[in-house]
Amino acid sequence: MNNPIISWRSSSKKYQFLNKVGQIVSFTKIHTATTDFSRNVPYYVGVINFGKNIKTIGQIVNESRKEIKIGQKVIGIIRLGKKVEPNEVVEYLVKFKTQ
């Protein structure tokens with residue numbers, strides 16, 4: 001079960017890339033995932049560069065279905081994290097949408 005206090009305390013770091021534009025440095029396509037993310041396979045995870053030596057790792061949401069490329073611009077958006085039980089806290093994550 002998710003802990004709402006821990007989730008709230010980590011939110012300032014969690015959302016720091018929301019609405020920020022970065023570039024894909026590296027990426028991979030995930031074909032097999034844990035049960036938490038199995039409904040999303042296949043999906044992409046990449047290293048995103050925001051300049052000034054600021055990088056993060058995150059899921060790349062490719063709604064346009066175009067080929068993902070290194071150097072492609074992405075923007076931080078909010079998406080639902082994993083599927084939760086009715087008594088659990090719904091957690092939202094910053095993922096990166098291709099532009």
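The values are calculated or read from the model by the stated rules, or taken from the named source; none is laboratory data. Just so it is clear, the model here is predicted, and its values are computed rather than measured. Here Cβ is always computed from backbone atoms with ideal geometry, including for glycine, and neighbour counts include all displayed protein chains. For the accessible areas, the whole protein counts, side chains as well, though only heavy atoms, and no ligand, DNA or RNA atoms are used. Shrake-Rupley method; radii C 1.70, N 1.55, O 1.52, S 1.80 Å.
Structural remarks
- Take every Cα pair under 8 Å whose residues are at least 6 apart in sequence, average their separation, divide by the length of the chain, and the relative contact order is 31 percent.
- Rounded to 5, the percent of DSSP beta bridges in the chain classed as antiparallel: 90 percent
- Taking 7 Å steps out from each Cα toward its Cβ at ILE70 and GLN99 produces label points 2.1 nm apart.
- Straight-line cross-link partners of LYS95 among the lysines, defined as a Cα under 19 Å from its Cα and at least 8 positions apart when in the same chain: LYS13, LYS14, LYS20, LYS29, LYS55, LYS66, LYS69, LYS73, LYS82, LYS83.
- Selected from THR32, VAL47, GLN72, residue furthest toward positive end of dipole (the chain; charges at beta carbon): GLN72
- Fraction of accessible area attributable to carbon and sulfur, the chain (%, probe 1.4 Å): 53 percent
- Listed residues ILE24, ILE78, ILE48, most fluctuating in the chain (Gaussian network, C-alpha, under 10 Å): ILE78
- Charge dipole (debye, nearest 20) of the chain; +1 at Cβ of Lys and Arg, -1 at Cβ of Asp and Glu: 400 debye
- Selected from VAL21, VAL84, VAL47 as most flexible by GNM, with the chain as the system and alpha-carbon contacts under 10 Å: VAL84
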